[in-house]
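The values are calculated or read from the model by the stated rules, or taken from the named source; none is laboratory data. Since the structure is predicted, the reported quantities are computational estimates derived from the model, not experimental observations. Reconstructed Cβ throughout: ideal geometry from the backbone, glycine too, with neighbour counts over all protein chains shown. Calculation scope for accessible area: heavy atoms of the full protein, side chains included, ligands and nucleic acids excluded. Shrake-Rupley method; radii C 1.70, N 1.55, O 1.52, S 1.80 Å.
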Amino acid sequence: MTVRKKGTQRKGERGTIAVRGYGLTPWSRAFVDVVEGRGADGEAVADSRHVTKARRYFRDRHVRGLRIGAGQVTASVEGTQLEPFDVIITTRTVDTPTLAGLLRDRGGVEELMRLTRGEQPPILGELLVPTESADVATDCTCPDEAPRCVHALVTSYEIAAEIDRSPLTLLTVMGTDLRDLLAEIDSRPAPSPVAADDDSSSGTLRPDDFYGTASTRPPLPSVPPMNPLIALDGSDLRAALRATGVAPADIAEAIDELGDLYDRLTATDS
């Protein structure tokens, strides 16, 4: 499928018309592929006529009341009848402790910071994005008995568009969020170094006496606490966030996330 990028426009009889898009980013595209049932051979399980009609519904904004919750998305879709059809999309959610552990094991904890800049880091994506059609269940009040009806498909396209706008949406769709992941990672102790050998004759150095001098380390200097997000001029930070691609409407949320990360870092050091 050829997808026009954001900002692409087409000309109609009444002038220039903005064309909506979805699947513009890797996570969004992968989500759509799973919902459509597209396998490794590229063949889609969803009926091609349903897909074509759902894309038209997406362009014409037939979806109403989209609500994205933890592991479940609901919406109403205007179809061929007077009353709209109700759609429920449920995902096979990830286990937050397991996801946090895998991120730590694969060295992907630092990728969580990239989410606040609107990026879609690869390691987190591999662990988070659904991989098979069974990971996403759809239910609709329409009479169509197809595995993916038009209304479920267009709702999934709306979800994909939201993922394009904010990668944090996929965390919610898969049943977790950034705060829970950070809390779980903070609650787990860092991997311990090689265990010390109590037998001094073995020659193994203790982790707290790397140089083998048995000397006492001087105390750390006492630094008065300071929150730079509050104490310093925030105009430079907001300019930096805009330069990294954060939308103006999302800057306040990004600063809140940075403040939460800073509080956690300082709490660990105290």
The residue that is nearest to the chain's Cα centre (by Cα), considering only those in region 86-96 that are open to solvent by 60 Å² or more (accessible area, probe 1.4 Å) and touching a residue at least 24 places away in the same chain (Cβ under 8 Å), is 93
Looking at region 97-116, can you tell me whether even one residue there is among the charged types (D, E, K, R), open to solvent by 80 Å² or more (accessible area, probe 1.4 Å) and assigned to a helix (DSSP H, G or I)? yes
Surrounded by 10 or more Cβ atoms within 10 Å (Cβ to Cβ) and at pLDDT below 75 - does that describe any residue in region 168-187? no
Number of the condition not met by residue 77 [criteria: (1) closer than 15 Å to residue 178 by Cα; (2) open to solvent by less than 50 Å² (accessible area, probe 1.4 Å)]: (1)
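Each row is one residue, and each column tells you yes or no for (1) closer than 28 Å to residue 246 by Cα; (2) touching a residue at least 40 places away in the same chain (Cβ under 8 Å); (3) open to solvent by less than 60 Å² (accessible area, probe 1.4 Å).
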position: 48; (1), (2), (3): no, no, no
position: 62; (1), (2), (3): no, yes, yes
position: 125; (1), (2), (3): yes, yes, yes
position: 132; (1), (2), (3): no, yes, no
position: 135; (1), (2), (3): no, yes, yes
position: 153; (1), (2), (3): no, yes, yes
Failed condition for residue 83, given (1) exposed (fewer than 11 other Cβ atoms within 10 Å of the Cβ); (2) at pLDDT below 90, with all others met? (2)
Under 6 Å between Cβ atoms, at least 6 apart or on separate chains: pull out the pairs that start in region 223-235 with a residue that is within 16 Å of residue 252 (Cβ to Cβ) and end on any residue that is at pLDDT 75 or above. 229/259
Quick check, is residue 82 part of a helix (DSSP H, G or I) and at negative phi? no
